[in-house]
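The values are calculated or read from the model by the stated rules, or taken from the named source; none is laboratory data. On a predicted model such as this, the values are computed, not experimentally measured, just so you know. Cβ: placed from backbone, ideal geometry, glycine included. Neighbour counts: every protein chain shown.
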């Protein structure tokens with residue numbers, strides 16, 4: 001019993017906490033270093049490692065669970081090592097090097113399959129999207145004509161035409177005592193009826209061939225313009241005044257008169273009011289509206305310089321009754337409108353009827369001459385009664401033309417020789433089956449001498465039409481001035497192409 005009691009006392013003494021001595025604040029006179037075995041002399045109580053921490057936080061016992069509020073580091077997780085190669089995370093801590101390599105290969109294959117699936121999905125989506133877009137474009141191209149109603153003879157397209165209004169017809173405060181608009185009033189009255197026309201050589205509208213203007217004829221999308229603005233086998237866009245773009249098809253075109261009609265799928269358009277060009281007088285004010293150089297809705301003003309001008313087109317040589325004006329007209333104005341102060345369209349402007357030798361001379365095809373051509377193009381798609389000979393020619397109406405002919409031949413013609421020079425023959429026409437050759441001349445039609453374009457066509461049209469056989473006298477002229485005449489007969493072909 002005593003022995004056990006002695007052992008207990010001895011253990012109690014070993015675990016007993018020694019008393020805490022109060023520190024002294026005297027300096028160390030001998031400059032000795034701090035001794036961990038000496039009492040703490042810094043002014044703060046020495047920490048007993050066996051007692052709770054006296055600064056308010058418990059002392060951490062390395063052998064006890066972590067009590068700082070943060071979880072103790074799991075010894076199975078990789079620990080920091082001074083060797084940087086060993087500090088990287090190891091996702092396979094318990095694997096052999098062979099197993100680890102196999103696992104890495106498996107993971108790479110899985111990641112590669114995921115990436116391939118994503119890339120493949122994007123490729124499929126891109127192909128499907130492109131296919132849908134191309135299909136839509138091809139469908140538009142193939143069916144564009146089907147979406148526009150076919151024009152039959154029974155269809156009626158109303159084209160508004162008015163005479164000059166009476167004074168009592170005043171419709172706004174912009175009109176003067178004679179019922180006329182100011183310049184800005186006339187421009188405002190017609191501007192929404194003027195459109196821009198863009199002609200392309202390809203279905204994707206990448207290659208622009210030219211631009212021009214047009215005049216809206218009715219609410220349903222019929223538009224008049226110049227034939228030379230369009231391309232027979234081209235693709236056409238129409239930009240209306242509201243900023244919309246419409247695909248257009250050619251209803252009919254007539255190069256001889258330089259008049260053409262387009263159709264767009266639209267409704268509620270603002271049609272122009274056509275005036276009576278027979279009422280036009282010299283000196284009255286006019287404005288020209290078009291899109292020169294792509295400058296939308298350009299308005300220029302001037303006066304009527306002359307009326308009933310028979311002006312020859314520089315592309316076909318055909319004469320049309322035109323209004324002469326000093327209002328500026330440039331190529332982009334082609335197909336635009338010449339407007340009087342009543343807001344009425346009295347002419348279709350055309351750069352093909354502009355004099356290239358003088359400034360300030362512009363011409364517009366009179367609306368009274370253009371209107372029956374427009375109506376026939378809408379009804380038939382072509383101007384009926386036209387015949388086609390099948391030749392391209394240079395006449396002798398001017399000395400310049402005569403010099404051009406001699407330049408092509410390479411020698412001079414006899415001074416008294418007259419005729420129409422042939423510089424091309426169409427193989428699909430009957431005249432190609434005759435003895436006529438390129439470089440020869442037609443000198444007579446049915447015994448009547450011809451030397452100009454008008455004489456040739458006036459003589460033929462006076463007695464013959466499409467399907468008739470025409471007698472003609474032709475000639476060959478050599479470099480020595482020798483003339484060899486011969487006779488031919490050719491059948492006139494019906495011309496529904498609109499080309500001339």
> Out of segment 221-250, which residues are more than 22 Å from residue 289 (Cα to Cα) and either buried (at least 24 other Cβ atoms within 10 Å of the Cβ) or not assigned by TED's automatic domain parsing to the domain that holds residue 349 (or both)?
Replying inline: none
> In segment 285-296, which residues are part of a loop (DSSP other than H, G, I, E, B) and buried (at least 16 other Cβ atoms within 10 Å of the Cβ)?
Replying inline: 291, 296
> Within segment 232-244, which residues are closer than 28 Å to residue 497 by Cβ and either touching a strand residue (DSSP E or B) at 6+ places or on another chain (Cβ under 7 Å) or in contact (Cβ under 8 Å) with a residue 60 or more places away in the chain (or both)?
Replying inline: 232, 234, 235, 236, 237, 238, 239
>> For a quick check of your reading of the model, give me the residue pairs whose first member lies in segment 473-500 and is loosely packed, with under 11 Cβ neighbours inside 10 Å, whose second is outside any loop (DSSP other than H, G, I, E, B), with beta-carbon atoms closer than 7 Å and at least 6 apart or on different chains.
In response: 484/475; 484/476
>> So, residue 392, is that one surrounded by fewer than 17 Cβ atoms within 10 Å (Cβ to Cβ) and in a helix (DSSP H, G or I) or not?
In response: no
> Out of segment 245-263, which residues are touching a residue at least 60 places away in the same chain (Cβ under 8 Å) and not in a loop (DSSP other than H, G, I, E, B)?
Replying inline: 247, 249, 251, 252, 253, 254, 259, 260, 261, 262, 263
> Does any residue in segment 294-311 that is assigned by TED's automatic domain parsing to the domain that holds residue 349 come within less than 8 Å, Cβ to Cβ, of a residue that is at pLDDT below 85 and surrounded by fewer than 18 Cβ atoms within 10 Å (Cβ to Cβ) six or more places away or on a different chain, and which pairs are these?
Replying inline: 310/319; 311/319
>> Can you tell me how many residues within segment 330-353 are modelled with pLDDT of 95 or more and part of a strand (DSSP E or B)?
In response: 8
>> Against the condition assigned to a strand (DSSP E or B) and modelled with pLDDT under 95, how does residue 210 come out, does it pass?
In response: yes
>> Can you tell me which residue is nearest to residue 343 (Cα to Cα) among those in segment 215-234 that are at pLDDT 95 or above and in contact with a helix residue (DSSP H, G or I) (Cβ under 8 Å, 6 or more places away or on another chain)?
In response: 217
>> I'd like the full set of residues that are crowded, with 24+ Cβ neighbours inside 10 Å, in contact with a helix residue (DSSP H, G or I) (Cβ under 9 Å, 6 or more places away or on another chain) and modelled with pLDDT of 90 or more, limited to segment 300-326.
In response: 322, 323
>> Against the conditions (1) part of a loop (DSSP other than H, G, I, E, B); (2) out of contact with any strand residue (DSSP E or B) (no Cβ under 7 Å at 6 or more places or on another chain), where does residue 278 fall short? Just the number, please.
In response: (1)
> What are the residues in segment 447-472 that are in contact (Cβ under 8 Å) with a residue 24 or more places away in the chain, loosely packed, with under 14 Cβ neighbours inside 10 Å and within 21 Å of residue 429 (Cα to Cα), if any?
Replying inline: 461, 465, 467, 468, 471
